Amino acid sequence: MKWIADVDNSAISSRAQIRLLNNTFIRLVFSFTAVPFVGIPFAIWIYWLGGNTGPTLVWIVIYLLCAGLIRIWHRRYLREIKENNADDVLRRWLPNLNKVAFAHGMGISSLYLITPQNQNFDFFLLLNISIAAIVAANATHLTPVISTFKRFFFSSWGFLNLGIIWRMDDVMLIVLMLNLLYGFAIYRHALTSHAFFIQQARLEEESARLAEQFRQAKEEAEQALRDKNQFLTTASHDLRQPVHAMGFLIEAIIHKNSNDALMPQLLDLQQSVRSVQLMFNSLLDLSKIESGNMMTTTTHVDIGALLDSVITLFREEAKSRGLKLRTWRPGRRIYVMGDPLLVRQSLINLIQNALRYTPRGGVLVAIRPRGEACLLEVWDTGVGIADDEKNKIFSPYYRPELAWKIDSAGHGLGLAVVARCAKLMNVTYGMQSIEDKGSRFWMRFQQHQGESKALDPTPAIDAVVPVTRRASLRGSCLVVDDDPLVTSAWESLMSSWGIVVRCAASAEEAFAIVDGGFTPSVVLCDQRLRSGESGFEILKALLERLPKVSGAMVSGEFNSPVLRDAEEEGYLVLRKPLEPATLHALLTQWSASQ
């Protein structure tokens, strides 16, 4: 390309040149729109001076029409850059843009020439300064394409200087000299600004190239890892801890609450935390599936009821971001063949992915029967996916270019999890996407050929049941856990049930409590402690010291060799986040046996 003068552009690709052309075009559209409003004050001033406002008003009207036409022209240009390659767009549009810039420069300065003759020096001096200010502003915004700026600059500045020679009398020489000096300064600034834009374009291209090389190297290096490790990264111990504490604290509040008016809100809060717990448990079960420790179960799944339970997880997120989250399904209950856990996890990941990369508009989740099959679809109006990235979108750790710009967080695992779930269930999946328009992701399930029923008014799973305050318990409990938030939740919940609780963060603290005269009926230990000690070893030591005491491990870790050994040796291992109902039932059983 020869259009970037004065600066070597050999390192700039056609796509980079298109980006520069876009910036210049947008500024030109704005300039056409703003200029008529500059002429209005001068028309008023001419009227006050008793001059003929006709030529100025005609100039304003012509510019308003041109502003509308160039906007239409700009929309046509935007359509063409999506349909044609960069070289064709540059070859077709750059000469026309230069011509428009040349005409625009002449049009701005023509106001100086068409204004009726009068001897008001202040009027023409302010008009000269206003035109100079417009040219100076464009010296920055039109310079990404230097040829466009040159045509605009020389036409506008040339006409302005002719007007000075014609309009000014005694001070013509002084004003002309100042104008020439100012014009030279503007032109030098334009060249500097253009060099900056070119350097910026080169840096962006180099950054994109390095980022692509980095992603490819990372994908190749991590391709050999088993997918199990992807799920382990997502469902970490640290994420489980606060969810575990929230479940206990909400249960304690419900137990102590005496205000019936608060109960609906507490129920909603409890259901939300329970949904998060189900997500973590799903990830744990998936890791077991990937490691071969758990068999998938193919059964008939009520896909509509499952959708109802999942959609509640994302309603508030969509609302807070101003997005519409809608569902569509037939008026009868649809059963598909699959594993409930894997279907649920796939749907969660698809909706989460759609919301994350949809800055405006919304997301539609649809269930569409197709003969003996059933399509589960997630549509969005998001950023879409480029054609050259579509074949990588389901790969582990891969994130498209637009995804990095919108949200730098994430590991690129969401869609890879969907692909793994689909393969484990032997169902087909895929996507269609248009860049800057949106995407459609789908999974095709086999319908269960059983009886179809009318939809019940409430979902079949994850329904909220009325809260019943659990029966009071007796006894004492020693909890070994070093997270203050978690130990506070243990104390709040178990004290609300009538159990005396003491907490320790290490073996030394635990035995000090016992030596101090506290005799627990139950011992519960976390495995991972900041002291580096093994919670399992502490539990065994405490149970050896207190042989009549019941005990269990309560840990947020999964696939831990120590916890597997504990289970093999016959010790009870409870997983965080722990359901309060499960804990209450276990404590009741232990109390009865004691």
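Does segment 93-102 contain any residue that is part of a helix (DSSP H, G or I), at pLDDT below 80 and open to solvent by 10 Å² or more (accessible area, probe 1.4 Å)? Spell out how you get there, then give the answer.
As a first pass, look at segment 93-102 and keep what is part of a helix (DSSP H, G or I): 93-102.
With the extra rule that they be at pLDDT below 80, the set shrinks to none.
Taking every residue of segment 93-102 in turn, none turns out to be part of a helix (DSSP H, G or I), at pLDDT below 80 and open to solvent by 10 Å² or more (accessible area, probe 1.4 Å).
Any residue at all in segment 219-241 that's at pLDDT 75 or above and open to solvent by less than 80 Å² (accessible area, probe 1.4 Å)?
We begin by selecting, within segment 219-241, every residue at pLDDT 75 or above; these are none.
Among the residues of segment 219-241, not one is at pLDDT 75 or above and open to solvent by less than 80 Å² (accessible area, probe 1.4 Å), which makes the answer no.
Among the residues of segment 393-433, write down those that are in a helix (DSSP H, G or I), under 19 Å from the mean Cα position of the chain (by Cα) and at pLDDT 75 or above. Break it down stepwise before answering.
Initially, segment 393-433 is screened for residues in a helix (DSSP H, G or I), giving 401-406, 414-425.
Subsequent filtering for residues that are under 19 Å from the mean Cα position of the chain (by Cα) retains 401-406, 414-418.
Scanning segment 393-433 gives 415, 416, 417, 418.
Out of all the residues in segment 580-594, is one or more farther than 28 Å from residue 257 by Cβ, in a helix (DSSP H, G or I), hydroxyl-bearing (Ser, Thr, Tyr) and in contact (Cβ under 8 Å) with a residue 24 or more places away in the chain? So that I can check it myself, show each step before the final result.
First, the residues of segment 580-594 that are farther than 28 Å from residue 257 by Cβ: 593-594.
Still in the running and in a helix (DSSP H, G or I): 593.
If we keep only those that are hydroxyl-bearing (Ser, Thr, Tyr) as well, we get 593.
Adding the requirement that they be in contact (Cβ under 8 Å) with a residue 24 or more places away in the chain leaves 593.
Checked segment 580-594: at least one residue is farther than 28 Å from residue 257 by Cβ, in a helix (DSSP H, G or I), hydroxyl-bearing (Ser, Thr, Tyr) and in contact (Cβ under 8 Å) with a residue 24 or more places away in the chain.
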request  = Look at segment 28-56 and say how many of its residues are surrounded by fewer than 18 Cβ atoms within 10 Å (Cβ to Cβ), within 22 Å of residue 121 (Cβ to Cβ) and under 49 Å from the mean Cα position of the chain (by Cα).
outcome  = 3
request  = Determine, yes or no, whether residue 332 is open to solvent by 60 Å² or more (accessible area, probe 1.4 Å), touching a strand residue (DSSP E or B) at 6+ places or on another chain (Cβ under 9 Å) and under 17 Å from residue 428 (Cα atoms).
outcome  = no
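Is it true that residue 476 is out of contact with any strand residue (DSSP E or B) (no Cβ under 9 Å at 6 or more places or on another chain) and open to solvent by less than 30 Å² (accessible area, probe 1.4 Å)?
Judged against the criteria, residue 476 is not a match.
Listed residues 501, 514; which is among the aliphatic types (A, V, I, L, M), over 24 Å from residue 248 (Cα atoms), without any contact (Cβ under 8 Å) to a residue 40 or more places away in the chain and surrounded by 13 or more Cβ atoms within 10 Å (Cβ to Cβ)? Steps first, please.
On the way: 501 fails: over 24 Å from residue 248 (Cα atoms).
One residue alone meets the criteria, 514.
The values are calculated or read from the model by the stated rules, or taken from the named source; none is laboratory data. A quick note: this is a predicted structure, and the numbers were derived from the prediction, not measured. Please note: Cβ atoms are built from the backbone with ideal geometry, for glycine as well, and neighbour counts cover all protein chains shown. SASA here: full protein model, heavy atoms, side chains in, ligands and nucleic acids out. Shrake-Rupley method; radii C 1.70, N 1.55, O 1.52, S 1.80 Å.
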